[in-house]
Amino acid sequence: MDLKTYQTKARLTAAYPDLGSNPIYPTLGLSGEAGEVADKVKKVIRDRGGVFDEEAREAIKLELGDVLWYVSQLADELGYNLEDIASANLNKLASRAARGRIAGSGDLR
């Protein structure tokens, strides 16, 4: 599935206060879901000796889907489409790579 199709279909499932003018709700949801991904990875380290078996990978995949959903909703709220965001990100990374700036910190390196 392409990102445009995903974003369109994901929006059909959005039901939260002030839909269309509320970037705060999906931002908070994104933060929570990213935490759930981190928690599942932590538990793989704690409970499974760091082995990402099929069950653990599937659970993480589902949480990553929730992260993607909230990214999609935040993008919608801000008037962006996921394809433009993805393209801009790849362009930024290619520029950093070409300048030998992949490592390090700061958005404008």
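Considering only residues that are small (Gly, Ala, Ser) and surrounded by 10 or more Cβ atoms within 10 Å (Cβ to Cβ), which ones fall in region 65-109? Reasoning before the result, please.
Our first condition is that a residue be small (Gly, Ala, Ser); within region 65-109, this holds for 65, 72, 75, 79, 86-88, 94-95, 97-98, 100, 103-106.
The answer is Gly65, Ser72, Ala75, Ala86, Ser87, Ala88, Ala94, Ser95, Ala97.
What number of residues in region 41-60 are assigned to a helix (DSSP H, G or I) and among the aromatic types (Phe, Trp, Tyr)?
Number satisfying all stated conditions: 0.
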Looking at this structure, is Gly29 assigned to a loop (DSSP other than H, G, I, E, B), closer than 27 Å to Glu77 by Cα and touching a residue at least 40 places away in the same chain (Cβ under 8 Å)?
no
Please name all residue pairs, on different chains or six or more residues apart, with Cβ atoms under 9 Å, provided the first residue is in region 47-74 and is more than 17 Å from Asp2 (Cα to Cα) and the second residue is polar (S, T, N, Q) and surrounded by fewer than 17 Cβ atoms within 10 Å (Cβ to Cβ).
Leu74/Thr27
Look through Ala38, Ala14, Ala10, Ala34 and report the one residue that is hydrophobic (A, V, I, L, M, F, W, C) and part of a loop (DSSP other than H, G, I, E, B).
Ala14
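Of the residues that make up region 3-22, is at least one among the hydrophobic types (A, V, I, L, M, F, W, C), under 23 Å from Glu83 (Cβ atoms) and within 13 Å of the chain's Cα centre (by Cα)? Can you show your working first?
Just the residues of region 3-22 that are among the hydrophobic types (A, V, I, L, M, F, W, C), to begin with: 3, 10, 12, 14-15, 19.
From what's left, under 23 Å from Glu83 (Cβ atoms): 3, 10, 12, 14, 19.
Add one more test, that the residue is within 13 Å of the chain's Cα centre (by Cα), and what stays is 3.
Within region 3-22, one or more residues are among the hydrophobic types (A, V, I, L, M, F, W, C), under 23 Å from Glu83 (Cβ atoms) and within 13 Å of the chain's Cα centre (by Cα).
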Only one of (1) in contact with a Gly (Cβ under 7 Å, 6 or more places away or on another chain); (2) within 29 Å of Arg109 (Cβ to Cβ) fails for Val44. Which number is that?
(2)
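A short reminder: the numbers here are calculations on the coordinates, not readings from a lab. The structure displayed is predicted, hence computed values, not measured ones. Neighbour counts run over all protein chains shown; Cβ positions are idealised from the backbone, glycine included.
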